[in-house]
Number of protein chains: 2
Amino acid sequence: MAIVDEMVCFSLYSATRATTRAYAELLAPWGLTYPQYLVLVVLWSDGEQSVNELGDLLQLDSGTLSPLLRRMESKLLIERKRVHSDQRIVTIAPTPRAAELRRELGHIPSAIAHATGLPDLESARELIATLQRLTTAMGELNPKDA
Amino acid sequence: MAIVDEMVCFSLYSATRATTRAYAELLAPWGLTYPQYLVLVVLWSDGEQSVNELGDLLQLDSGTLSPLLRRMESKLLIERKRVHSDQRIVTIAPTPRAAELRRELGHIPSAIAHATGLPDLESARELIATLQRLTTAMGELNPKDA
DNA sequence: CATTGAATAATTGCACACAACTTAGTTGTG
DNA sequence: CACAACTAAGTTGTGTGCAATTATTCAATG
């Protein structure tokens, strides 16, 4: 066992990249990336919302989202709209094509759930809870929380 | 709770980015990134080795490692050497400066261990084991294992 | 010995992440 | 109203990840 395998952080880093590669494989026929898929998931669930709200949910800033959303717009998956009452805000709305993808990509959650190799829903929930606690704890070390 | 928070993959993705930001914070005084730090950890532990071996341990290909190592070389942390007996192979050796950093960065493992918020070594080991199983399972979905 | 095939790094192109900065629009205060 | 402070999104620059390709070297085979 190599030294890095003793580290929590490396196993996290490694698991995330393996997961992203698995999503890339599943999403390739639609030319989507994992972060783009996450945007669709949020839009399917919560509907139209601002770039800021999207960034809060996904923990991504405009430096990441702006070009990502531009690519999704060019694929006709989302539509950008300026809010009349506050011209600073841009809302991101799913297009009819995005609704179609909700059906076409319906197989992905179960495919990924199976690919995790986790035995049951309970262990998945446990892992999620552990990771969320870790994320919160890590955030405390970051000065940007001030 | 947002929809993405119910997903194992998102909690992984999120935890990894939180961890990388925490490392970035700690490593900033030395101008190092987390992947660069990982290379140092491997070199400190196992000493000089080829780009391939480094890539096997960190699960990174030459497309990622080549420019990363070039940056580390320009910071005088590593030295590239062609192997005489096989001119295809490039070995990466830590410089004296890298050895210095081993001492200067000695506080980081415990700082990160504390920042994870994990209560004890046993729960850390458990999480690592779970993540390694998940990484392996995810790999099976990837055709590149063939 | 010449040719072919495999191995090893490096390069190229694309898509994130994220810090730092810019631009445009809004709000609060006098 | 004037204007500073704030906010939202976009832009820029750097550093990964990773697929695909290229260049070089080595090894095996006839």
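The values are calculated or read from the model by the stated rules, or taken from the named source; none is laboratory data. What you see is a predicted model, and the numbers here were worked out from it, not measured in a lab. As a convention, Cβ positions derive from the backbone with ideal geometry for all residues, glycine included, and neighbour counts pool all protein chains shown. What goes into the accessible areas is simple: the full protein's heavy atoms, side chains included, and nothing from ligands, DNA or RNA. Shrake-Rupley method; radii C 1.70, N 1.55, O 1.52, S 1.80 Å.
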### Query
How much accessible area does B:His114 have with a 1.4 Å probe, in Å² rounded to the nearest 10?
150
### Task
Take every Cα pair under 8 Å in the range B:1-83 that's 6+ residues apart, average their separations, divide by the length, and report that relative contact order as a whole percent.
14
### Task
Give me the percent of the accessible area of chain B that comes from carbon and sulfur atoms, probe 1.4 Å, all protein chains in place.
54
### Task
List the residues whose amide H sits under 5 Å from the amide H of B:Ile78, counting only those 5 or more places along or on another chain, with H placed 1.01 Å from N in the peptide plane.
B:Glu73, B:Thr95
### Query
So how far, in whole Å, is the C-alpha centre of the range A:60-88 from the one of the range B:86-146?
36
### Task
Provide the per residue accessible area, probe 1.4 Å, for chain B, rounded to a whole number of square angstrom.
52
### Task
Would you mind giving the mean number of other chain beta-carbons within 10 Å of the Cβ of each residue in B:34-47, as a whole number?
2
### Task
List, in order, the whole-Hz ³J(HN,Hα) value for each residue of the range A:78-87 obtained from phi through the Karplus relation with A = 6.51, B = -1.76, C = 1.60 and θ = phi - 60°; use x for Gly and Pro.
9, 10, 8, 9, 6, 6, 4, 6, 8, 5
### Message
If I model a spin label as a point 7 Å beyond the Cα along the Cα-Cβ vector, how far apart are those points for A:Ala28 and B:Leu121 in nm?
### Response
4.3
### Message
Would you work out the Kirkwood radius for the protein assembly as shown? I mean one over the mean of 1/r across all pairs of different Cα atoms, in Å.
### Response
20.9
### Summary
Interchain or sequence-distant (5+) residues whose placed amide H lies within less than 5 Å of the amide H of B:Ser50 are B:Ile92
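I need the semi-axes of the equivalent ellipsoid of chain A: take the C-alpha gyration tensor, multiply each eigenvalue by 5, square-root it, list largest first in whole angstrom.
Details: eigenvalues 174, 92, 39 Å².
Square roots of five times the eigenvalues give 30, 21, 14 Å.
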### Exposed-loop-free span, longest in chain B, where trypsin sites (Lys or Arg not before Pro) count as exposed if DSSP calls them loop and at most 16 other C-beta atoms lie within 10 Å
B:1-74
### Query
How large are Rg and Dmax for the range B:60-117 when only the alpha carbon atoms are used, in Å?
15.0, 48
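Give the residue list of chymotrypsin sites (Phe, Trp or Tyr not before Pro) in the range A:26-68 that are DSSP loop and have at most 12 other beta-carbon atoms within 10 angstrom.
Sites meeting the loop and neighbour criteria: none at all.
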### Query
When the helices in the protein assembly as shown are scored as -39500 (n - 2.57) per DSSP H run of 4 or longer and the sum is shared across all residues, what 222 nm value do you end up with, to the nearest 500 deg cm²/dmol?
-20000 deg cm²/dmol
### Net charge contributed by nearby residues that have their C-beta within less than 10 Å of B:Glu73 (K/R +1, D/E -1)
+3
### Summary
Scoring chain A by relative contact order with C-alpha pairs under 8 Å, at least six apart, yields a percentage of 16
### For residues of B:111-122, the mean tally of beta carbons on other chains within 10 Å
4
### Query
Tell me, what is the FRET efficiency for A:Lys81 and B:Lys81 to the nearest 0.05, using R0 = 41 angstrom and their Cβ-Cβ distance as r?
0.10
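If you average 1/r over all unlike Cα pairs in the range A:30-101 and invert the result, what Kirkwood radius do you get in angstrom? It would help to have the intermediate numbers written out before the result.
Details: mean 1/r = 0.0825 Å⁻¹.
One over the average 1/r among Cα pairs gives 12.1 Å for the range A:30-101.
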